[in-house]
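Worksheet: the structure to be examined is printed underneath.
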Amino acid sequence: MALHRFEKGVLGRWLRLVADNSEPGAAQTQVPDDVAKALVTLRCIQAGDDGRWLITEKGKLALRMEEPGALQVY
């Protein structure tokens with residue numbers, strides 16, 4: 001049974017936002033609690049020492065796999 005129900009692409013958009021938030025000088029956008037919980041469950045983000053969300057290596061991989069050139073079609 002699924003713990004979270006989101007439309008296709010929603011978590012990817014929020015993951016991209018977390019990655020953008022971690023850039024130096026970036027304006028911080030609040031991530032909704034249900035989205036943050038889902039991304040933590042998937043181990044794509046984790047809380048930093050300062051309370052900001054940080055993208056994990058798994059999250060970085062997910063973003064790379066989302067890019068158009070990531071998958072080759074044979």
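The values are calculated or read from the model by the stated rules, or taken from the named source; none is laboratory data. This is a predicted model, so every value here is computed, not measured. Here the Cβ is made from the backbone with ideal geometry for all residues, glycine too, and neighbour counts use every protein chain on show. Accessible surface areas use protein heavy atoms only, side chains included; no ligands, DNA or RNA. Shrake-Rupley method; radii C 1.70, N 1.55, O 1.52, S 1.80 Å.
Overview of results
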{"read-out": "Listed residue (Cys44, Ala27, Pro68) projecting farthest to the positive dipole end of the chain, Cβ model", "value": "Pro68"}
{"read-out": "Probe 1.4 Å - accessible area at Trp14, Å² to nearest ten", "value": "60 Å²"}
{"read-out": "Under 13 Å, Cβ to Cβ, from Arg52 - net charge with Lys/Arg +1 and Asp/Glu -1", "value": "-4"}
{"read-out": "³J(HN,Hα) computed for each position of segment 11-26 - Karplus, 6.51 cos²θ - 1.76 cosθ + 1.60, integer Hz, glycine/proline x", "value": "5, x, 5, 5, 5, 4, 5, 4, 4, 5, 4, 7, 6, x, x, 6"}
